[in-house]
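The structure appears right after this line, and notes come after that.
Throughout, read-outs are computed from the coordinates displayed, never taken from laboratory work. Please read all numbers here as calculations on a predicted model, not as lab measurements. Please note: Cβ atoms are built from the backbone with ideal geometry, for glycine as well, and neighbour counts cover all protein chains shown.
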Amino acid sequence: MAKERYALIDWLKALCVVFVIITHSDFLNDAMLDKSGIFYLLCVNKAVPCFMFLSGYVFSMGTKSMPLIKQYSLKRIFPRLMRLAVPTVIYYVIYVAVLYLSGNPMSIGEIVFKFFAGDFGKGSYYFAIMVQFTLIAPLMHVIIKKYAHWGVLLIGAVNLAFEGSWNLFNLHEGLYRILVFRYLLIIAFGMFLSQRKGKSIRPLYIGIMALTGLTYILLPYFTNYEYKIFTIDPWNKSGMMSAFYVAAVMYVLFHFFSKSKVKGFIGKAIAKVGQASYHIMYTQMLYFIVRPAIDTRILNITTLPLWSQYAMDIVVSVLLGLVFCVADAKIFRKFYKTK
């Protein structure tokens, strides 16, 4: 069952990383993406919540009934952290070098600060999020394994308390973006679905979840209503309450397509893109840093039709990401083998 489900997971990850690239294309041409439109709100903007759902799902699928102490063993934690850190450090070294060569060198203090602040490219906060996920996922898995939906409710309460405290104490937005706590509920939903091992959930419950999430997402779109909580823009559009919508959609996809298998060249190519999504994320970050120089010195891409700009951004980011992923696997991964 696990191998059958991985096909769907890889396809979803491939779609989500394309959405990430599309999201980041807009800073070069404001006409490219309507971030207040329905397509963006319901699809593109939900890429990272989907990634977090899938991270929770895959973690529980691979952990099953493993004792908590074993989950926190150095033998399991270290390879997971290295798998995140190695591509990040490689990218960051290139990032610092690019800034230096372009006449914008950073001091040692700035280099250290930007790394830990997740301020080194479009989506650079994701590394900090995933490191924290790696450290708290075993505990979340055990809680949901033992208490099922009550465990999800408890984790959701922690997520809500986190959101409420941010508004109550007016804490810094830069810190908010790099903390995994804003994604606790969607991670818990992923773990819960994984642990059910294909057992169905009543359609009424899924409908209520979808309606709850859609109401949260679309209420400001159709009215002038402004929430008193979940106010940190742009993260409020993919905040805690939208997890109900994302989880409902994911349940439907897994319910009907969990046994899908990779077939043909196109299917295998899409699966490879999904498997390389983490590396593609870094190549798109670097691409969007150097693309203004490409526009100035080689080809003014912003003068091309919008569809071709999207296509170029996606193709370049994906192809370079696939190369980066293969190189990482061939050169470095032997030092931190992990399933």
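Odds and ends about this structure:
- A Cβ-based charge dipole, computed about the Cα centre of the stretch 215-339 with Lys and Arg at +1 and Asp and Glu at -1, lands at about 880 debye.
- Here is how the number arises for the chain: DSSP H runs of 4 or more residues each give -39500 (n - 2.57), the sum is divided by the residue count, and the result at 222 nm is -24000 deg cm²/dmol.
- Residue pairs, from the table Lys237/Lys261; Lys46/Lys259; Lys13/Lys263; Lys199/Lys261; Lys122/Lys259, whose Cα atoms sit over 28 Å apart: Lys237/Lys261; Lys122/Lys259
- Considering only Leu8, Leu42, Leu214, and ranking their Cα positions along the charge dipole of the stretch 2-335 that arises from unit charges at the beta-carbon of Lys, Arg, Asp and Glu, the one farthest toward the positive end is Leu8.
- Globularity ratio of the stretch 140-268, using Cα Rg and 2.2 N^0.38 Å: 1.19
- Electrostatic dipole magnitude of the chain [Cβ: Lys, Arg +1; Asp, Glu -1; Cα centre; debye, to 20]: 2040
- Per residue Cα convex hull volume in Å³ - calculated over the stretch 2-335: 160
- Within the listed set His141, His172, His149, the Gaussian network model of the chain (springs between alpha-carbon atoms below 10 Å) gives the highest mean-square fluctuation for His172.
- Cα centroid of the stretch 158-205 to Cα centroid of the stretch 241-309, whole Å: 23
- With the charge dipole of the chain set up from +1 on Lys and Arg Cβ and -1 on Asp and Glu Cβ about the Cα centre, the Cα lying farthest toward the positive end among the listed residues Leu153, Ile301, Ser25 is that of Leu153.
- Dipole of the stretch 2-335 [Lys/Arg +1, Asp/Glu -1 at C-beta], most positive-end residue of Leu68, Ser238, Leu135: Leu68
- A simple charge model with +1 on the Cβ of Lys and Arg, -1 on the Cβ of Asp and Glu and nothing else charged puts the dipole of the stretch 155-281 at about 900 debye relative to its Cα centre.
- Couplings for the stretch 93-102, taken from phi via the Karplus curve 6.51 cos²θ - 1.76 cosθ + 1.60 with θ = phi - 60°, read 4, 5, 4, 4, 5, 4, 4, 5, 5, 8 Hz in order; Gly and Pro are left as x.
- Sparse-neighbour loop sites [chymotrypsin sites (Phe, Trp or Tyr not before Pro); the stretch 176-245; at most 12 other C-beta within 10 Å; DSSP]: Tyr225
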